[in-house]
Amino acid sequence: MKTKESITNYIVSTIENSEVANGQMPTPDEFLSMCSDIICQFDTDIAINVMNKLTKRFGEEAKQQSLTIKINYGY
């Protein structure tokens, strides 16, 4: 089981190493990947639901991110 500290450290690291933190605009795919990585730290089912709902805005990128979560977490 993940501790709050390990989750916090992972999220901080993800944000600090993001393109946004480095002054660059991420692609939609990179943005969705970062968001899903963060949400998965709390609940993978919610991350999948969020990505599925974002298909209206992000289309195929969000659909692919949902599939990637399912594959990575053994759904």
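For the chain, which semi-axes, largest first and in whole Å, follow from the square roots of 5 times the eigenvalues of its Cα gyration tensor? Intermediate values should be presented prior to the final figure.
Numbers: eigenvalues 78, 66, 14 Å².
In descending order, the three semi-axes are 20, 18, 8 Å.
For K63, K56, what's the fewest-to-most ordering of other Cβ within 10 Å of each Cβ?
On the way: K63 15, K56 8.
Ascending Cβ contact count within 10 Å gives the list K56, K63.
Nearest 500 deg cm²/dmol is fine: what mean residue ellipticity at 222 nm does the chain get from its DSSP H runs of n ≥ 4 alone, each adding -39,500 (n - 2.57), divided by its residue count?
-21000 deg cm²/dmol
Grab the Cα-Cα distance for N9 and K63, subtract it from 0.36 nm times how many residues apart they are, and report the gain in nm with one decimal. Before the final figure, lay out each step's value.
On the way: separation 54, 0.36 × 54 = 19.44 nm, distance 2.74 nm.
Here the answer is 16.7 nm.
Would you mind ranking M1, M51 by Cβ crowding within 10 Å, fewest neighbours first? Walk me through the numbers on the way to the answer.
On the way: M1 3, M51 25.
Least crowded to most crowded, the residues run M1, M51.
Could you list L67, L54 in order of exposure, starting from the residue whose Cβ has the fewest other Cβ atoms within 10 Å? Intermediate values should be presented prior to the final figure.
Numbers: L67 13, L54 19.
Exposure proxy ranking, most exposed first: L67, L54.
If we count every other residue with Cβ under 14 angstrom of I39's Cβ, Lys/Arg +1 and Asp/Glu -1, where does the sum land?
Charge balance near I39 sits at 0.
Read the figures in this text as sums done on the coordinates, not as results from a lab. The model shown is predicted, which means the values in this text are computed figures rather than measured ones. Heads up, the Cβs are rebuilt from the backbone with ideal geometry, glycines too, and the neighbour counts pull from every protein chain shown.
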